[in-house]
Amino acid sequence: MSKPVTALIVLDTPLVRAEQTLTDITVRKPASGELRGVTLTDVLQMDVNALSTILPRLTTPTLTRQDVGNLDPADLVQLGTEVAGFLVPKANRPDPSPTV
């Protein structure tokens, strides 16, 4: 079994909940079943409702729907971009190697 793909997102604005301050969130590539209840086009378009549904399933520490609603918009875009990127087939991803 292969290791899950993850990305560490450093928040522009720390998220404060109770006595905990989150400065970064790890987001994991979803399995197909974790995308239930949303349409893929909504996820790819970074629809806030779709992200509020799936981010609690994919984040460490686990974000709640309320946490997602309290995120700085720039941080929501960072997380949504990462999740959307996980859905793009490898063949369609840009080559990360620099061009000379």
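The values are calculated or read from the model by the stated rules, or taken from the named source; none is laboratory data. Nothing here was measured: the structure is a model prediction, and the numbers come from that model. Because the Cβ atoms are built from the backbone with ideal geometry, glycine has one as well, and the counts that use them run over all protein chains shown. Note: accessible area is taken over every heavy atom of the protein model, side chains too, but ligands, DNA and RNA are not part of it. Shrake-Rupley method; radii C 1.70, N 1.55, O 1.52, S 1.80 Å.
Miscellaneous remarks
- Fully extended contour minus Cα-Cα distance, from Ala91 to Thr13, at 0.36 nm per residue: 24.7 nm
- Take the Cα of Arg57, step 7 Å toward its Cβ, do the same at Asp42, and the gap between the two points is 1.1 nm.
- For Leu11, the residues 5 or more places off, or on other chains, whose built amide H falls under 5 Å of its own are Asp24, Ile25.
- Kirkwood-based shape ratio for the range 1-62, expressed as Rg/Rh from alpha carbons: 1.00
- Rolling a 1.4 Å probe across the protein heavy atoms gives the chain an accessible surface of 65 Å² per residue.
- Relative to the Cα centre, the charge distribution of the chain, modelled as +1 at Lys and Arg Cβ and -1 at Asp and Glu Cβ, gives a dipole magnitude of about 480 debye.
- Heavy-atom accessible surface of the chain: percent carbon and sulfur, 1.4 Å: 56
- Estimated from helices alone, the mean residue ellipticity of the chain at 222 nm is -10000 deg cm²/dmol (sum of -39500 (n - 2.57) over DSSP H runs with n ≥ 4, per residue).
- If you run the Gaussian network model on the chain, springs between alpha carbon atoms under 10 Å, then out of Gly37, Gly80, Gly69 the most flexible one is Gly37.
- Backbone N atoms of the range 10-42 closer than 16 Å to the 7 Å Cα→Cβ label point of Asn49 belong to residues 36-42.
- Only one residue of Leu63, Ile9, Gly85 has its Cα farthest out toward the positive end of the dipole of the range 9-100, where Lys and Arg carry +1 and Asp and Glu -1 on Cβ, and that residue is Gly85.
- Against the chain, whose longest principal axis comes from its Cα atoms, helix 73-86 is set at around 40 degrees.
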